[in-house]
Structure formats: structure tokens, C-alpha cells
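Peer 1: Here you go, one structure.
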Amino acid sequence: MNENVYALFETRFRTDRDAICLYVPDGEDWRYGDLVAQVSRAAGALVNLGVRPGGRVVTQTEKTPQALALYLGCLKVGAVYVPLNTAYTAVEMEYFLSDAEPALLVCDTSQRVECAVPTETLDASGGGSFAERMNAAHALEPTVSRAADDVAAIVYTSGTTGRPKGAMLTHRNLESNARTLCDAWGWRSDDVLLHALPIFHVHGLFVALHCVFLGGGSMVFLPRFDADAVIEHLPSSTVMMGVPTFYTRLLGHNAFTGDVCRAMRLFISGSAPLAAQTFADFEARTGHRILERYGMSETLMNTSNPLAGERTGGTVGFALPGTEARIADGDRVLGEGEIGEIEVRGPNVFKGYWRMPDKTAEEFRRDGFFRTGDLGVMDSEGRVSIAGRTKDLIISGGYNVYPKEVETLIDEMPEVSESAVIGVPHPDFGEGVVAVVVPRHEPVDAAMVEAALKDRLARFKQPKRVVCMVGLPRNVMGKVQKNALRERFADLFA
Ligand code: MCA
Ligand code: AMP
């Protein structure tokens, strides 16, 4: 049996040929028949370019229907899809390309760099050399056979110490999570998903798209989050998924009213903590209780508030069917009400880190549970609340920033003796990145840090504020006390 997840999607697409799949503002809508045809052409183009089953295809493209066809085309030919954030600089890309050793890179023309990897372009307009190759290619049939355990995608997530790690997600991971979420969120064939997330991360790519691909319905395919555009399209949508920043930005908009949400049945939030206040304000404004869920690149979705039962602000709900969640402290599994590390096990949990067997082994318990690095607490009914992180990570507007990566670059500045990068409350991004810097001689300012990081680090990772101190607070072991820094600078963005 072919366990390629695209074979599952394709069966549905073919029965819904005439139904609209993508509403594309300022562009042409795509029916499912169009999607199937474009995916088969993308697959043909990939094979013509020498991409073989198991070969990696790295993409750094804008959000277009053609980019979607490229993603599904990779699945169809049995290749491993490796999506990357468009904000990454050429320096960051160099690392990903050397680590993934792809057969092909597809990027926006403006981001094309000199490299040894065969490169094609796909632009925001939907044009580019890859689009031309798609047009010229013969449709490739049938979908290449894959086993459930074969890798479908590699998603890079940064490491707390070294370089980003590629999380290998299998066809089984993608399929099982898609089925679980369609069930849990009551996906309907007449749902219209308002899709404003980027498609290079798990949330916008696997969670959002796969609900539509498997469960049916259509989506309003916005190129990015823009509050005005979202408000314009909400009245014709039924479901929206977003990071908390989407919801706080909507609440900051006068035109966002209960009436605008009249056709909506479900708002879902994830990727970062949704403040209890935002949950309450949203309900007061619209009557909708946002459904918060919790996941990771390595595990797809783990827990969710219920569709039918009580959705509680400040919690991430219950382990999804098929997934087990527990709270642990080392080898000890904790009881209700005790804070510890969240560990999960199930068909949603990834296969391991690409070419990092030691790192993979470190993150799994002997009984197969994966250590998330998130702290949580479970109540007597199994409802999970996130209580912090054991990993040194900042989540800004739903994007992860690993302080170590930023500190390493700041510490290389000749003017800097040492630095600590922290996240503190930010009204728009949830957490804002702050660099606490100990200068060698003269004060170091934000412009100097910005100049040093400009070409080396994606903009969203760069500090929004730089503050100088004569020394960093340390504990008796010599470790920087980041908690003390976070407390001291808590009001920086207030
Ligand atoms: C943009 N900027 C940011 C961020 N985004 N700075 C900090 N944090 C951010 N998230 C910077 C830009 O570099 C720019 O800086 C300025 O803010 C405005 O840029 P712009 O492109 O206009 O920003 P935006 O369009 O307003 O974007 C904000 C956003 C976006 C809509 C919140 O970041 C976004 O779509 N986030 C979603 C991330 C996401 O999908 N995460 C899912 C990960 P300057 O002006 O100084 O040049 S998957 C995951 O976490 C797991 C699996 C899960 O559970 O889902
Ligand atoms: P990523 O590495 O991008 O997959 O990010 C995964 C991390 O996002 C998790 O380990 C959590 O720290 C965080 N996260 C995801 N969903 C939530 C949520 N609903 N509440 C709090 N943190 C979340």
C-alpha cells in the first residue's frame, strides 16, 4: 500500500475537482482540479531536475499557490521537503544548504545566492524559472510509493547550544496528525479557512493546510497577516488559525467586531502562549472563545482545548487522541498539580534529528517519550497548562529565537565583552528580544549591534532593544541569571 500522505490528499482532490480550493485575493482562484494538475506538473519538473525519492528540496519562497504546488509536488515524487523562513539571510542559508545537502534549492529571485546547489526561482508573482519548468513539464503520474516511516519533510528548529537541527517528519506523522486535527476540530467540507500564516513553518504548513487537504472545504489564501485584509475576509470565512499576535492585532482594530465574525465557527491559537487577557477580551468583543492548542516542530500538535467542551484561557487543553502526555522530573513522572517537563509519545512524534543520532537519543526517554523542553502542569482531568520552558528560547510573534545564536554573534563584536539575550513582555510580539551587553570600553548602542548582525541574522531575531551593564548577574556556579535580567527589564516595552 502506498503510504505517501499525498496519495491520501490526492484521492480527495480528485473527487472534488470542480470545488474551489484556494480563494486568492488579487489573483485567480484555484479549483481542486487545478491544484492536482499543477502538483503533477511540479512533480514532473522536479523529476526533470534530477530530484529522486529521498532527495531533499530546500525552498525559500513567498506564499503563492505555485509554492503550494511545489510542496505537494515534492511529496508526490517522494522527495523530502525542507521549507525555510524567507527572513533568513544568505549567511544563515549557507548553513542549511550544507546541512541538508539538497538536490535542489527553489528560492525567490531576489534571494538567489551563489552556491553549489542547483537553484531554481519561484517569485511572489508565481513566476520564475521553476514556474516555467512546471509549465513545460509533463504531468507526472502516479504518486511515488512511500512507506509510513519514510521522511516527508525536514523542519529546522534551532538548538539551545549549537546549530539548528532538522526535525525529520514522516508520512505517518503528517497523516496521523491531519486525521486527528480534522476530527478534534470538527472539520467540515464546507469550511472556509482564513489562511494568513506563513507556509514555511508547521503551523501554517501542516496544521492549517492539511485540515483543508484532508477534511475538505476551501481557504482564503492571504500572502501574509494583514489586519485589514483579515477583517475584509472574515465575513466569508468559518475558521481561522493564528499566533497570539494575530488576535491582539485584531483586537487593536476598531473595525474588528462581533458582526465581522458572524460566519465564523472557530478561532484557533498556537505557537506561543495566548494571554488569558487576550482570551477574555476576544470573547467580550466577539462572543468566541479562542481554542488554544500546543505543538512543536518535532511533534506536530500534542494537546488541544476541546471543540465541544470547556475551552479555558491560559491552558492548552488535553492530549489529543492517540497522543500521550505526561509531566516528568527526570525519571520521575509527576502527579496532578506538579510542575515539570512535558513529555509526549504518539504517532505525531518525529523520527529524529537529521544526521544527529546523539541529539535524538538525548531527547527521548527509554520508553519512547519525547522531552519537549516545555514546563507544564496537568490537572486531575488531564488538562495541561504551560508553565514556562526548560530551554532558553524566546518566542516573538510566533517565531522562535534562540538567545545563544544571537549572543554568539554579539560577543564577536570587538566592542563587546559579553552579552545576554533575553525575551521580555512585548505588547505586539508577546516577547521582545533584548540584548544586555557588557561593553569593553565605550557604550554599545542599538545601531552598532544592528550593523554587526544585519547580514548575518534574520531581522526577527535581532534585538529590538540594547541595554548596557557593567557586568552580568551570575549565580555561584558562574551562570548568567537570566531571570534576574528578565525581571529587571520587564517593563522595557511597556
Ligand atoms: C516580523 N518582525 C518581527 C516578527 N515578524 N519581529 C519580531 N518577531 C516577529 N515575529 C519584524 C520585521 O523584521 C520588521 O522589522 C518588522 O517586524 C515588521 O515586519 P513585517 O513583515 O511587516 O511584520 P509583520 O508582517 O507584521 O509580521 C508579524 C507577524 C509574523 C504577522 C506576527 O511574524 C507572523 O506571521 N508570525 C507567525 C509565525 C508563525 O507562523 N509561527 C509558527 C511556527 P523592521 O521594521 O525593524 O525591519 S510553528 C510553531 O511554532 C509550532 C509548531 C506551533 O505550535 O505552531
Ligand atoms: P517550534 O520550535 O517553532 O516548533 O516551537 C515550538 C514551541 O512553541 C513549543 O515547544 C512551545 O514552547 C511553543 N508553543 C507552541 N504552542 C504553544 C502554546 N499554545 N502555548 C505556549 N507555547 C506554545
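Peer 1: Could you size up the charge dipole of the chain around its Cα centre, putting +1 on the beta carbon of Lys and Arg and -1 on that of Asp and Glu, and report it in debye to the nearest 20?
Peer 2: On the way: 50 positive and 63 negative charges, 108 e Å.
Dipole magnitude for the chain comes out near 520 debye.
Peer 1: Subtract the Cα-Cα distance of R459 and D428 from 0.36 nm times their separation in residues, and report this length gain in nm to one decimal. Write down the numbers at each step before the final one.
Peer 2: Values: separation 31, 0.36 × 31 = 11.16 nm, distance 1.58 nm.
Stretched out fully, the R459 to D428 stretch lengthens by 9.6 nm.
Peer 1: What Rg and what Dmax come out for the chain when only alpha-carbon atoms are used, in angstroms?
Peer 2: 22.4, 69
Peer 1: Please work out the C-alpha center-to-center distance from segment 461-494 to segment 45-112 and express it in whole Å.
Peer 2: 38
Peer 1: Multiply the residue separation of Y95 and S236 by 0.36 nm, subtract the distance between their alpha-carbon atoms, and state the gained length in nm to one decimal. List each step's numbers first, then the result.
Peer 2: Values: separation 141, 0.36 × 141 = 50.76 nm, distance 4.22 nm.
Full-extension gain reported as 46.5 nm.
Peer 1: Taking the square root of 5 times each eigenvalue of the Cα gyration tensor, what semi-axes in Å does the equivalent ellipsoid of segment 270-413 have, largest first?
Peer 2: The answer is 27, 22, 14 Å, longest axis first.
Peer 1: OK, next. Scan segment 170-204 for trypsin sites (Lys or Arg not before Pro) in coil per DSSP, keeping those whose Cβ has at most 16 other Cβ atoms within 10 Å, and list them by number. Each step should come with its number before you reach the end.
Peer 2: Details: sites: R172, R179, R188; in loops: R188.
Filter output for segment 170-204: R188.
Peer 1: Next question, about the same structure. Run through segment 310-414 and list the GluC sites (Glu not before Pro) located in a DSSP loop whose Cβ has at most 16 other Cβ atoms within 10 Å.
Peer 2: Values: sites: E310, E324, E336, E338, E341, E343, E362, E363, E381, E405, E407, E412; in loops: E310, E336, E338, E381, E412.
The qualifying sites are E310, E336, E338, E381, E412.
Peer 1: Looking at the chain only, what percent of DSSP beta bridges run antiparallel? Nearest 5 please. The partial results should precede the final answer.
Peer 2: On the way: 48 of 78 bridges.
Looking only at bridges with both residues in the chain, the antiparallel portion is about 60 percent.
Peer 1: Can you tell me, using C-alpha contacts under 8 Å and at least 6 residues apart, the relative contact order of the chain as a whole percent?
Peer 2: Details: 1077 pairs, mean separation 56.6, N = 494.
Over the chain, the number comes to 11 percent.
Peer 1: Starting from the Cα gyration tensor of segment 225-344, take the square roots of the eigenvalues, sort them a ≥ b ≥ c, and report rounded, prolate or oblate (rounded when a/c is under 1.5, otherwise prolate if a/b is larger than b/c, else oblate). Intermediate results must be reported in sequence, preceding the final value.
Peer 2: Values: a/c = 2.42, a/b = 2.31, b/c = 1.04.
Note, shape of segment 225-344 comes out prolate.
Peer 1: Here is a further query. Take the alpha-carbon positions of segment 76-208, form their convex hull, and give its projected area averaged over all directions (one quarter of the hull surface) in nm². All intermediate terms of the calculation are to be shown ahead of the outcome.
Peer 2: Details: hull surface 41.8 nm².
Over every viewing direction, the Cα hull of segment 76-208 projects on average to 10.5 nm².
Peer 1: At a threshold of 8 angstrom on Cα-Cα distance, excluding pairs fewer than six apart, so keeping six or more, what relative contact order does segment 1-158 reach in percent? Present the calculation step by step, with values, prior to reporting the outcome.
Peer 2: Numbers: 284 pairs, mean separation 46.7, N = 158.
Result for segment 1-158 is 30 percent.
Peer 1: Turning to a different aspect of this structure: What number, rounded to the nearest 500 deg cm²/dmol, is the helix-based mean residue ellipticity at 222 nm of the chain, given -39500 (n - 2.57) per DSSP H run of at least four residues and division by all its residues? Mind showing how you got there, number by number?
Peer 2: On the way: 14 runs with 136 residues, N = 494.
Estimated from H runs of four or more residues: -8000 deg cm²/dmol.
Peer 1: Cross-link list K404/K464; K76/K461; K351/K404: which exceed 27 angstrom alpha carbon to alpha carbon? Mind dumping the intermediate values first?
Peer 2: Values: K404/K464 16 Å; K76/K461 34 Å; K351/K404 25 Å.
Where the Cα-Cα span goes over 27 Å, the pairs concerned are K76/K461.
Peer 1: Okay, next question. Can you grab the distance from the C-alpha centre of segment 169-206 to the C-alpha centre of segment 356-404, Å, no decimals?
Peer 2: Between the Cα centres of segment 169-206 and segment 356-404 lies a distance of 21 Å.
Peer 1: As I understand it, the dipole of the chain uses +1 on the Cβ of Lys and Arg and -1 on the Cβ of Asp and Glu, about the Cα centre. Which of Q277, C211, A494 lies farthest toward its positive end?
Peer 2: C211
Only the coordinates and a few stated rules stand behind these numbers; no lab work does. All values reported here derive from a predicted model rather than from experimental measurement. Every residue, glycine among them, receives a Cβ derived from its backbone with ideal geometry; neighbour counts consider all protein chains shown.
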